[in-house]
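> After the structure tokens below, expect a handful of questions from me.
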Amino acid sequence: MRKTVPLLLAFLAGCGVMPEPNAADAGANVEVTATVAFTEGPTVDAAGNVYFTETTSRRIMKLSPAGELTTFREKSGGANGLIFDELWRLVACEGQAGRVTRTDMKTGEIEVLAETFQDKRLNAPNDITLDGKGRLYFTDMARPNPPAGVTDVSGVYRIDLDGKVSRILAVPEIERPNGIVVSPDDRTLYLIEANQAQGGARMIRGYDLQPDGTVRNMRVHYNFYPGRSADGMTIDTAGNIHAAAGLNRRRGTSETLDTKCGIHVISPAGKLLRFFPIPEDTLTNCAFGGPDMKTLYVTAGKTIFKIRTDIAGTRR
């Protein structure tokens, strides 16, 4: 049974460069209405409903265009990243359960798309995207302290339309994969590295995405080091990445405050175009929605924010 719970819904006005966050800016731009627990993995359906994960109580939540918040699913398997596929089925990276699932929104039937690779259990699927052919790409994070005898199969995976699961990137060529997105022209796959260790990769990597779904020619698209790297990201129709990165306060890691907390809009050439400050830790992810696809929904701490943009977004 779904039940209504409170939500903190905030609106950041404007679409140009905004000043760096401070108390005055936060008070001027953010409207506080209610609170919910730790938010992650937003995605928006055809009707404008925002689905996101609530990782503290392991639920998937649904926020209607009218602002009504309900619980879509209890016991989500520790779902993190979400996305709607080309048929508007909800795909979830269930980090705690170690699997990727797909839900038929008409019947409620849940199908497991991936939970093993070469007969080994996945670790903790984290984030997911899709390309123009409907193929899915997801990241699988290594567990900090895996049980004895558990083999690390972390990396970046592709799920083909016939259900075949292939790993396209693995350690040591990557370190700690997190957010992932494919460019609108299907030519580039972007991957967030979020290694909190001293000297760890904190960047967005770019790869040439081949027609067969493999990748080549890694380059550093944008580097956040020594600050906190991005967590999740989405992309607009012009190919600009919108990355949720940075901290307002240090959190006991080697990450510094050099990366300001907010949405970093990065061009296809790897240049920072705009910055939207977010006044709450911990900033996690974002997704486009709205009738014109120019509303960016942002998950951060206990808050859902929304930002109006000039350029329409994609569903990736």
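> Would you mention how many residues in the stretch 220-234 are surrounded by fewer than 21 Cβ atoms within 10 Å (Cβ to Cβ) and outside any strand (DSSP E or B)?
Here the count works out to 2.
> Take the residues in the stretch 174-213 that are in a strand (DSSP E or B) and β-branched (Val, Ile, Thr), then tell me which one is farthest from the chain's Cα centre (by Cα).
THR188
> While we're looking at this one, here's another question. Taking interchain pairs and intrachain pairs at least six residues apart, which have beta carbon atoms under 9 angstrom, with the first residue in the stretch 164-177 and closer than 11 Å to GLY213 by Cα and touching a residue at least 40 places away in the same chain (Cβ under 8 Å) and the second among the hydroxyl-bearing types (Ser, Thr, Tyr) and outside any strand (DSSP E or B)?
Taking only residues 6 or more apart or on different chains, the pairs are SER166/THR214; ILE168/THR214.
> Now, a different point. Taking the stretch 238-262 as the search range and keeping residues that are under 18 Å from GLY206 (Cβ atoms) and either polar (S, T, N, Q) or touching a Pro at 6+ places or on another chain (Cβ under 9 Å) (or both), which one is surrounded by the fewest Cβ atoms within 10 Å (Cβ to Cβ)?
ALA238
> Which residues, counting only those in the stretch 46-67, are assigned to a loop (DSSP other than H, G, I, E, B) and in contact with a strand residue (DSSP E or B) (Cβ under 7 Å, 6 or more places away or on another chain)?
GLY48, ASN49, THR55, GLY67, listed by residue number.
> Follow-up question, since we're still on this one. I need the full set of residues from the stretch 284-305 which are part of a strand (DSSP E or B) and of a type outside the set (Ser, Thr, Tyr), in order please. Even if it seems obvious, please write down each step before you answer.
The first filter runs over the stretch 284-305 and keeps only residues part of a strand (DSSP E or B), leaving 284-289, 295-300, 303-305.
Across the stretch 284-305, the qualifying residues are ASN285, CYS286, ALA287, PHE288, GLY289, LEU296, VAL298, ALA300, ILE304, PHE305.
> Moving to a separate point now. Quick one: ARG216 ticks every box in (1) surrounded by fewer than 17 Cβ atoms within 10 Å (Cβ to Cβ); (2) in contact (Cβ under 8 Å) with a residue 12 or more places away in the chain; (3) assigned to a strand (DSSP E or B) except a single one, so which number is it?
With respect to (1) surrounded by fewer than 17 Cβ atoms within 10 Å (Cβ to Cβ); (2) in contact (Cβ under 8 Å) with a residue 12 or more places away in the chain; (3) assigned to a strand (DSSP E or B), ARG216 is out only on (2).
> Same structure again: Please indicate, with yes or no, whether at least one residue in the stretch 276-285 is closer than 17 Å to THR237 by Cβ and buried (at least 19 other Cβ atoms within 10 Å of the Cβ).
no
Only the coordinates and a few stated rules stand behind these numbers; no lab work does. The shown structure was predicted, so the numbers you read here are calculated from the model rather than taken from an experiment. Counting neighbours? That spans all protein chains shown, and the Cβs are built from the backbone with ideal geometry, glycine included.
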